[in-house]
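To start, the structure itself, in structure tokens.
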Amino acid sequence: MPLDAIHDFNRQLLTDLPHQRFEHEPILDYATDERVKARLGWQAEFSKTLFLKFKDGRFALLLTHREGRLDSKAVKAILGAKPSICSAEEMQAQIGCLPGAVCPFLPHADIPLLVDPALLAHHAFTWTPGHPELTLLLATEHLASLLARLPCQVSYLPAQA
């Protein structure tokens, strides 16, 4: 999928939701994320999106916070199979995103989204809407509204104790 299509889809999702959009140098790693955050004064949690693969050929996305980790058991409980993190090459072939800039919100009804509830502990979060030189910022209080607009299955992972 072209990055422009991913970006346009994200813009449509946010049509009436208060958000911020930033243009900057491409962010493909945490070091650049930190520099841009400091320069632009972002007061939000970095999100991280993992592209997951299952042995039966299915894929899924996991939206978490920057320090979040893959909980394979929790994913298996929801989607019925143990996941692995997809290779960068296969991820690019399947969804078009660049490594280090995976967008969590895609117009794919066949790729479920899993959400780490730990992200909700933060007042706002950022993500890359396709192009790595763009960042969107949304208050987490509006996340449920955004998720309701997605064409895919959306599930929350169980909260960690």
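Okay, which of the range 100-116 sit inside 17 Å, backbone N to the point 7 Å along the Cα-Cβ direction of Leu28? Hits in the range 100-116 for Leu28 at 17 Å: 100-103. Pairs of Lys residues in the chain, spaced 8 or more positions apart or belonging to different chains, with C-alpha separations under 13 angstrom: 5 in total.
Might you report the magnitude of the Cβ-based charge dipole of the chain about its Cα centre, with Lys and Arg at +1 and Asp and Glu at -1, to the nearest 20 debye?
Working: 15 positive and 18 negative charges, 97 e Å.
Dipole size: approximately 460 debye.
Just the number please: accessible area per residue for the chain, 1.4 Å probe, all protein chains included, in Å². Write down the numbers at each step before the final one.
Values: 7870 Å² over 161 residues.
Here the residues of the chain average 49 Å² of exposed surface.
This structure gives mean projected area of the Cα convex hull in nm², computed directly, and of (i) 10.1; (ii) 12.0; (iii) 8.8 that value is listed as (iii). Can you send over the carbon and sulfur percentage of the accessible area for the chain, probe radius 1.4 Å, protein chains only? On the chain, the fraction of accessible area on carbon and sulfur atoms equals 52 percent. By DSSP, the beta bridges lying fully in the chain are antiparallel in about 70 percent of cases. Summing charges over neighbours of Ala60, with a neighbour being any other residue whose Cβ is under 15 Å away from its Cβ, gives +2 when K and R count +1 and D and E count -1. Extending 7 Å from the Cα toward the beta-carbon at both His19 and His142 defines two label points whose distance is 0.8 nm.
The values are calculated or read from the model by the stated rules, or taken from the named source; none is laboratory data. Because the structure is a prediction, the values reported are computed rather than measured. All Cβ positions, glycine included, derive from the backbone under ideal geometry; neighbour counts span all protein chains shown. Ligands, DNA and RNA are stripped out before the accessible areas are found, and what is left, the full protein with its side chains, is counted by its heavy atoms. Shrake-Rupley method; radii C 1.70, N 1.55, O 1.52, S 1.80 Å.
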